[in-house]
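**Q** Input: one structure, supplied below.
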Amino acid sequence: MRARYGVPLGITAVGAAGLLYSAGFEARSFRLRRVTIPVLPAGMRPLRVLQVSDIHMVGGQRKKQRWLRSLAGLRPDFVINTGDNLSDPEGVPEVLDALGPLMEFPGAYVFGSNDYYGPKLRNPARYLLEKTQGRHGLNGNPPAVGAIHNPWERLRDGFDAAGWLNLTNTRGTLKVEGVSVELTGLDDPHIKRDRYQQVAGGPSGAADFAMGVVHAPYLRVLDAYTADDYPLILAGHTHGGQLRIPFYGALVTNCDLDTDRARGLSTHTAEGRTAYLHVSAGCGTNRYTPFRFACPPEATLLTLVGRE
(Lines give C-alpha, C1' and ligand atoms only; values in the text may rest on other atoms or scores of the structure.)
Protein backbone atom coordinates (compact mmCIF):
# COMPACT_ATOMS: atom_id res chain seq x y z
CA MET A 1 0.00 0.00 0.00
CA ARG A 2 2.79 2.41 0.86
CA ALA A 3 4.73 1.63 -2.29
CA ARG A 4 1.63 2.09 -4.41
CA TYR A 5 0.28 5.35 -2.98
CA GLY A 6 3.28 6.97 -1.28
CA VAL A 7 4.54 8.87 -4.32
CA PRO A 8 1.15 10.26 -5.46
CA LEU A 9 0.31 11.31 -1.91
CA GLY A 10 3.71 12.94 -1.60
CA ILE A 11 3.24 14.85 -4.86
CA THR A 12 -0.21 15.97 -3.70
CA ALA A 13 1.20 17.20 -0.41
CA VAL A 14 3.98 19.12 -2.15
CA GLY A 15 1.47 20.64 -4.56
CA ALA A 16 -0.83 21.70 -1.74
CA ALA A 17 2.08 23.21 0.16
CA GLY A 18 3.09 25.11 -2.96
CA LEU A 19 -0.40 26.55 -3.38
CA LEU A 20 -0.53 27.58 0.27
CA TYR A 21 2.85 29.28 -0.02
CA SER A 22 2.11 31.04 -3.32
CA ALA A 23 -1.33 32.31 -2.25
CA GLY A 24 -0.87 32.77 1.49
CA PHE A 25 2.67 34.10 1.63
CA GLU A 26 4.33 35.12 -1.61
CA ALA A 27 1.29 36.86 -3.10
CA ARG A 28 1.31 39.10 0.00
CA SER A 29 5.09 39.62 0.19
CA PHE A 30 5.17 43.09 -1.31
CA ARG A 31 8.55 44.55 -2.14
CA LEU A 32 10.24 47.44 -3.88
CA ARG A 33 12.71 46.96 -6.70
CA ARG A 34 15.21 49.67 -7.56
CA VAL A 35 16.50 50.08 -11.09
CA THR A 36 18.86 52.64 -12.62
CA ILE A 37 18.43 53.45 -16.32
CA PRO A 38 20.89 55.65 -18.29
CA VAL A 39 18.44 57.41 -20.61
CA LEU A 40 18.53 61.13 -19.78
CA PRO A 41 20.45 63.69 -21.80
CA ALA A 42 23.98 64.21 -20.54
CA GLY A 43 24.16 66.72 -17.71
CA MET A 44 20.49 66.44 -16.74
CA ARG A 45 19.77 65.79 -13.06
CA PRO A 46 18.52 62.29 -12.16
CA LEU A 47 14.77 61.67 -12.01
CA ARG A 48 13.17 59.22 -9.57
CA VAL A 49 10.09 57.58 -11.06
CA LEU A 50 7.83 55.26 -9.08
CA GLN A 51 6.02 52.73 -11.28
CA VAL A 52 2.99 50.95 -9.86
CA SER A 53 1.09 48.43 -11.92
CA ASP A 54 -1.47 45.62 -11.87
CA ILE A 55 -2.82 46.34 -8.41
CA HIS A 56 -5.94 44.22 -9.12
CA MET A 57 -7.60 45.52 -5.99
CA VAL A 58 -10.16 43.31 -4.29
CA GLY A 59 -12.19 44.53 -1.31
CA GLY A 60 -10.56 43.86 2.04
CA GLN A 61 -6.93 43.70 0.89
CA ARG A 62 -5.73 45.81 3.80
CA LYS A 63 -2.07 44.77 3.69
CA LYS A 64 -1.80 45.75 0.03
CA GLN A 65 -3.48 49.07 0.73
CA ARG A 66 -1.12 49.88 3.62
CA TRP A 67 1.90 48.96 1.52
CA LEU A 68 0.80 51.16 -1.38
CA ARG A 69 0.24 54.10 0.95
CA SER A 70 3.71 53.60 2.43
CA LEU A 71 5.36 54.09 -0.97
CA ALA A 72 4.77 57.83 -0.66
CA GLY A 73 7.68 57.82 1.78
CA LEU A 74 10.01 57.30 -1.18
CA ARG A 75 9.27 60.89 -2.30
CA PRO A 76 9.51 60.17 -6.06
CA ASP A 77 9.72 62.98 -8.58
CA PHE A 78 6.64 61.55 -10.26
CA VAL A 79 4.49 58.40 -10.43
CA ILE A 80 3.51 56.28 -13.42
CA ASN A 81 0.54 53.92 -13.06
CA THR A 82 0.52 51.34 -15.86
CA GLY A 83 -3.00 50.03 -15.32
CA ASP A 84 -5.12 47.07 -14.18
CA ASN A 85 -5.99 48.72 -10.88
CA LEU A 86 -9.15 46.65 -10.35
CA SER A 87 -10.18 43.05 -9.86
CA ASP A 88 -13.47 43.95 -8.18
CA PRO A 89 -16.19 46.31 -9.48
CA GLU A 90 -16.48 47.63 -5.91
CA GLY A 91 -12.77 48.29 -5.57
CA VAL A 92 -12.56 51.88 -6.84
CA PRO A 93 -12.77 53.60 -3.41
CA GLU A 94 -10.06 51.33 -2.01
CA VAL A 95 -7.76 51.98 -4.98
CA LEU A 96 -8.16 55.73 -4.63
CA ASP A 97 -7.62 55.52 -0.87
CA ALA A 98 -4.51 53.35 -1.23
CA LEU A 99 -3.01 55.62 -3.90
CA GLY A 100 -4.11 58.82 -2.15
CA PRO A 101 -0.68 59.67 -0.66
CA LEU A 102 0.99 58.99 -4.02
CA MET A 103 -1.45 61.28 -5.80
CA GLU A 104 0.12 64.18 -3.94
CA PHE A 105 3.02 63.80 -6.37
CA PRO A 106 2.92 64.55 -10.10
CA GLY A 107 1.80 61.50 -12.02
CA ALA A 108 0.24 59.92 -15.09
CA TYR A 109 -1.68 56.76 -15.89
CA VAL A 110 -2.97 54.42 -18.55
CA PHE A 111 -5.69 51.81 -18.10
CA GLY A 112 -5.60 48.06 -18.65
CA SER A 113 -8.36 45.66 -19.59
CA ASN A 114 -9.17 44.91 -15.95
CA ASP A 115 -9.93 48.57 -15.32
CA TYR A 116 -12.67 48.33 -17.94
CA TYR A 117 -13.91 44.78 -17.41
CA GLY A 118 -14.31 42.51 -14.41
CA PRO A 119 -12.34 39.25 -14.30
CA LYS A 120 -13.86 35.91 -15.23
CA LEU A 121 -13.00 32.47 -13.93
CA ARG A 122 -10.89 30.65 -16.54
CA ASN A 123 -8.59 27.67 -16.69
CA PRO A 124 -4.97 28.90 -16.20
CA ALA A 125 -3.86 26.32 -18.77
CA ARG A 126 -5.55 28.48 -21.42
CA TYR A 127 -2.68 30.96 -21.15
CA LEU A 128 -0.29 28.24 -22.32
CA LEU A 129 -2.67 27.22 -25.11
CA GLU A 130 -3.08 30.82 -26.29
CA LYS A 131 0.70 31.24 -26.26
CA THR A 132 1.21 28.26 -28.56
CA GLN A 133 -1.53 29.51 -30.88
CA GLY A 134 -0.42 33.15 -30.85
CA ARG A 135 -3.76 34.35 -29.47
CA HIS A 136 -3.85 36.79 -26.56
CA GLY A 137 -6.71 38.91 -25.24
CA LEU A 138 -8.80 40.16 -28.15
CA ASN A 139 -5.75 39.88 -30.42
CA GLY A 140 -6.85 36.80 -32.34
CA ASN A 141 -9.60 35.70 -29.95
CA PRO A 142 -13.32 36.38 -30.48
CA PRO A 143 -14.85 39.39 -28.67
CA ALA A 144 -15.75 38.86 -25.03
CA VAL A 145 -19.38 38.01 -24.36
CA GLY A 146 -21.20 38.84 -21.13
CA ALA A 147 -18.28 40.82 -19.71
CA ILE A 148 -18.70 42.62 -16.39
CA HIS A 149 -18.21 46.37 -16.85
CA ASN A 150 -16.17 48.05 -14.15
CA PRO A 151 -16.87 51.67 -13.09
CA TRP A 152 -13.63 52.87 -14.66
CA GLU A 153 -15.02 56.39 -15.09
CA ARG A 154 -14.94 56.87 -11.30
CA LEU A 155 -11.32 55.73 -11.26
CA ARG A 156 -10.47 58.14 -14.08
CA ASP A 157 -12.23 61.01 -12.33
CA GLY A 158 -10.33 60.34 -9.10
CA PHE A 159 -6.97 60.32 -10.85
CA ASP A 160 -7.83 63.41 -12.88
CA ALA A 161 -8.98 65.30 -9.79
CA ALA A 162 -5.57 64.65 -8.23
CA GLY A 163 -3.88 66.17 -11.27
CA TRP A 164 -2.54 62.95 -12.78
CA LEU A 165 -2.30 62.98 -16.57
CA ASN A 166 -4.64 60.69 -18.47
CA LEU A 167 -2.48 59.20 -21.24
CA THR A 168 -5.25 57.36 -23.09
CA ASN A 169 -3.98 57.52 -26.69
CA THR A 170 -2.60 60.97 -26.10
CA ARG A 171 0.39 63.01 -24.97
CA GLY A 172 1.01 65.06 -21.86
CA THR A 173 3.83 66.90 -20.13
CA LEU A 174 4.86 66.87 -16.48
CA LYS A 175 6.82 69.71 -14.91
CA VAL A 176 9.13 68.45 -12.17
CA GLU A 177 11.21 71.08 -10.40
CA GLY A 178 12.19 72.86 -13.58
CA VAL A 179 12.43 69.72 -15.70
CA SER A 180 9.80 68.92 -18.36
CA VAL A 181 8.97 65.30 -19.16
CA GLU A 182 6.89 64.51 -22.24
CA LEU A 183 4.75 61.36 -21.86
CA THR A 184 3.09 59.55 -24.74
CA GLY A 185 0.54 56.94 -23.75
CA LEU A 186 -1.72 54.32 -25.30
CA ASP A 187 -4.88 52.57 -24.25
CA ASP A 188 -4.61 48.83 -23.70
CA PRO A 189 -3.41 46.82 -26.74
CA HIS A 190 -4.61 43.61 -25.04
CA ILE A 191 -8.17 44.56 -25.95
CA LYS A 192 -7.25 46.46 -29.12
CA ARG A 193 -7.88 49.94 -27.71
CA ASP A 194 -4.45 51.29 -28.72
CA ARG A 195 -4.47 53.99 -31.40
CA TYR A 196 -0.84 54.74 -32.11
CA GLN A 197 -1.69 56.77 -35.20
CA GLN A 198 -3.12 59.43 -32.88
CA VAL A 199 0.25 59.96 -31.15
CA ALA A 200 2.72 58.94 -33.86
CA GLY A 201 5.69 61.06 -34.81
CA GLY A 202 8.00 60.68 -31.87
CA PRO A 203 8.99 63.19 -29.17
CA SER A 204 8.13 66.76 -29.97
CA GLY A 205 11.51 68.03 -28.85
CA ALA A 206 9.88 70.64 -26.64
CA ALA A 207 10.60 68.76 -23.38
CA ASP A 208 13.81 67.81 -21.63
CA PHE A 209 13.00 64.10 -21.85
CA ALA A 210 10.33 61.87 -23.41
CA MET A 211 9.05 58.36 -22.74
CA GLY A 212 6.28 55.99 -23.79
CA VAL A 213 3.71 54.41 -21.47
CA VAL A 214 1.39 51.45 -22.12
CA HIS A 215 -0.26 48.69 -20.13
CA ALA A 216 0.39 45.57 -22.22
CA PRO A 217 3.80 45.39 -23.97
CA TYR A 218 2.68 44.03 -27.33
CA LEU A 219 5.41 44.00 -29.95
CA ARG A 220 3.51 46.28 -32.36
CA VAL A 221 3.50 48.97 -29.68
CA LEU A 222 7.13 48.48 -28.69
CA ASP A 223 8.13 48.61 -32.36
CA ALA A 224 6.23 51.86 -32.89
CA TYR A 225 7.62 53.60 -29.81
CA THR A 226 11.16 52.47 -30.57
CA ALA A 227 11.03 53.42 -34.25
CA ASP A 228 9.78 56.86 -33.20
CA ASP A 229 12.93 57.23 -31.05
CA TYR A 230 11.50 57.09 -27.52
CA PRO A 231 14.43 56.14 -25.27
CA LEU A 232 12.28 54.49 -22.57
CA ILE A 233 9.00 52.53 -22.51
CA LEU A 234 7.16 51.54 -19.32
CA ALA A 235 4.61 48.70 -19.25
CA GLY A 236 2.97 46.16 -16.96
CA HIS A 237 0.36 43.47 -17.66
CA THR A 238 2.57 40.34 -17.60
CA HIS A 239 2.68 39.88 -13.80
CA GLY A 240 6.25 38.79 -14.50
CA GLY A 241 4.79 35.46 -15.55
CA GLN A 242 3.14 35.19 -12.10
CA LEU A 243 4.15 31.53 -11.69
CA ARG A 244 7.84 31.28 -12.53
CA ILE A 245 10.05 28.20 -12.52
CA PRO A 246 13.23 28.78 -10.49
CA PHE A 247 16.36 28.94 -12.69
CA TYR A 248 14.12 28.96 -15.79
CA GLY A 249 11.77 31.93 -15.53
CA ALA A 250 8.32 32.75 -16.85
CA LEU A 251 6.21 30.37 -18.91
CA VAL A 252 3.83 32.98 -20.32
CA THR A 253 3.49 36.75 -20.67
CA ASN A 254 -0.19 36.88 -21.75
CA CYS A 255 0.90 38.87 -24.81
CA ASP A 256 3.34 38.36 -27.67
CA LEU A 257 6.36 39.59 -25.68
CA ASP A 258 8.96 36.85 -25.19
CA THR A 259 9.20 35.33 -21.71
CA ASP A 260 12.82 36.45 -21.23
CA ARG A 261 11.47 40.00 -20.91
CA ALA A 262 8.44 39.18 -18.76
CA ARG A 263 9.65 41.50 -16.01
CA GLY A 264 12.38 44.01 -15.31
CA LEU A 265 14.66 46.04 -17.55
CA SER A 266 15.59 45.01 -21.08
CA THR A 267 15.99 46.63 -24.47
CA HIS A 268 13.91 46.62 -27.64
CA THR A 269 15.17 47.26 -31.17
CA ALA A 270 13.14 48.33 -34.21
CA GLU A 271 14.16 49.99 -37.49
CA GLY A 272 17.74 50.37 -36.34
CA ARG A 273 16.87 52.11 -33.07
CA THR A 274 16.99 50.77 -29.53
CA ALA A 275 14.91 51.73 -26.48
CA TYR A 276 14.97 50.61 -22.89
CA LEU A 277 11.89 48.65 -21.84
CA HIS A 278 10.82 48.24 -18.23
CA VAL A 279 8.03 45.76 -17.51
CA SER A 280 6.65 45.76 -13.99
CA ALA A 281 5.65 42.41 -12.50
CA GLY A 282 2.89 44.31 -10.68
CA CYS A 283 1.62 43.92 -7.16
CA GLY A 284 -1.61 41.96 -7.58
CA THR A 285 -3.31 39.01 -9.22
CA ASN A 286 -6.63 38.23 -10.82
CA ARG A 287 -9.05 37.54 -7.95
CA TYR A 288 -9.68 34.02 -9.30
CA THR A 289 -5.99 33.08 -9.48
CA PRO A 290 -4.48 34.64 -6.32
CA PHE A 291 -1.15 32.85 -6.64
CA ARG A 292 2.43 33.95 -7.20
CA PHE A 293 5.47 31.71 -7.22
CA ALA A 294 9.09 32.87 -7.56
CA CYS A 295 7.59 36.21 -8.61
CA PRO A 296 6.75 38.40 -5.59
CA PRO A 297 4.44 41.41 -6.00
CA GLU A 298 6.32 44.63 -6.56
CA ALA A 299 6.53 48.30 -7.33
CA THR A 300 9.65 49.77 -8.89
CA LEU A 301 11.62 52.91 -8.15
CA LEU A 302 13.32 53.83 -11.41
CA THR A 303 16.24 56.24 -11.18
CA LEU A 304 16.77 57.81 -14.58
CA VAL A 305 20.31 59.12 -15.05
CA GLY A 306 22.32 60.67 -17.88
CA ARG A 307 23.57 58.56 -20.72
CA GLU A 308 27.19 57.58 -20.50
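**Q** As a test, work out the antiparallel percent of DSSP beta bridges whose residues both lie in the range 32-306, rounded to the nearest 5. Mind dumping the intermediate values first?
**A** Numbers: 23 of 53 bridges.
In the range 32-306, DSSP labels about 45 percent of beta bridges as antiparallel.
**Q** Tell me which residues come under 5 Å, amide H to amide H, from residue 86 once H is placed; ignore anything under 5 positions away on its chain.
**A** 56, 57, 115
**Q** Can you give me the C-alpha center-to-center distance between the range 180-238 and the range 107-163, rounded to a whole angstrom?
**A** Between the Cα centre of the range 180-238 and that of the range 107-163, the gap is 18 Å.
**Q** Can you tell which of 186, 152, 279 lies farthest toward the positive end of the dipole of the chain, using +1 and -1 charges on the Cβ of basic and acidic side chains (Lys, Arg; Asp, Glu)?
**A** Working it through, the farthest residue towards the positive pole turns out to be 279.
**Q** Helix 152-161 sits at what angle to the longest principal axis of the chain, using alpha carbons and giving 0 to 90 degrees rounded to 10?
**A** 40 degrees
**Q** So how strong a dipole does the range 32-306 carry about its Cα centre when Lys and Arg Cβ are +1 and Asp and Glu Cβ are -1, to the nearest 20 debye?
**A** Details: 29 positive and 27 negative charges, 167 e Å.
Its charge dipole is roughly 800 debye.
**Q** Over the range 90-249, one equal point on each Cα, no solvent: what is log10 I(q)/I(0) by the Debye formula at q = 0.10, 0.15, 0.17 Å⁻¹?
**A** Each listed q corresponds, in turn, to -0.43, -0.95, -1.16.
**Q** What are the ³J(HN,Hα) values, in whole Hz, obtained from phi via the Karplus relation 6.51 cos²θ - 1.76 cosθ + 1.60 with θ = phi - 60°, for each residue of the range 25-33 in sequence order, with x given for Gly and Pro?
**A** 10, 5, 5, 10, 9, 5, 8, 10, 9
**Q** Another one. If you count only protein heavy atoms and use a 1.4 Å probe, how large is the accessible surface of residue 288, to the nearest 10 Å²?
**A** Counting only protein heavy atoms, the figure is 100 Å².
**Q** Follow-up question, since we're still on this one. Once the piece of chain linking residue 123 and residue 269 is laid out straight, how much longer is it, given 0.36 nm per residue of separation minus the C-alpha distance between them?
**A** On the way: separation 146, 0.36 × 146 = 52.56 nm, distance 3.40 nm.
Difference between extended and current length: 49.2 nm.
**Q** Still on this structure: How long is the gain from residue 74 to residue 195 if the chain were fully straight, where each residue apart is worth 0.36 nm and the alpha carbon distance is subtracted? Don't skip to the end; give the middle numbers.
**A** On the way: separation 121, 0.36 × 121 = 43.56 nm, distance 3.37 nm.
Length gained between residue 74 and residue 195: 40.2 nm.
**Q** With bins 5 Å wide starting at 0, give me the P(r) of the range 162-308 over every alpha carbon pair, in whole percents.
**A** The distribution over the range 162-308 is 2, 9, 18, 21, 20, 15, 9, 5, 1, 0, given as percents.
**Q** I'd like to know which of 143, 269, 197 lies farthest towards the positive end of the charge dipole of the chain, counting +1 on Cβ of Lys and Arg and -1 on Cβ of Asp and Glu.
**A** With unit charges placed on the Cβ atoms, the residue in question is 143.
**Q** Trypsin sites (Lys or Arg not before Pro) within the range 217-308: which are DSSP loop residues with at most 15 other Cβ atoms inside 10 Å? Provide the component values of the computation, followed by the final result.
**A** Working: sites: 220, 244, 261, 263, 273, 287, 292, 307; in loops: 263, 287, 292, 307.
Qualifying residues, ordered by number: 307.
The values are calculated or read from the model by the stated rules, or taken from the named source; none is laboratory data. The model shown is predicted, which means the values in this text are computed figures rather than measured ones. Counting neighbours? That spans all protein chains shown, and the Cβs are built from the backbone with ideal geometry, glycine included. Heavy atoms of the whole protein, side chains included, go into the accessibility calculation; ligands, DNA and RNA do not. Shrake-Rupley method; radii C 1.70, N 1.55, O 1.52, S 1.80 Å.
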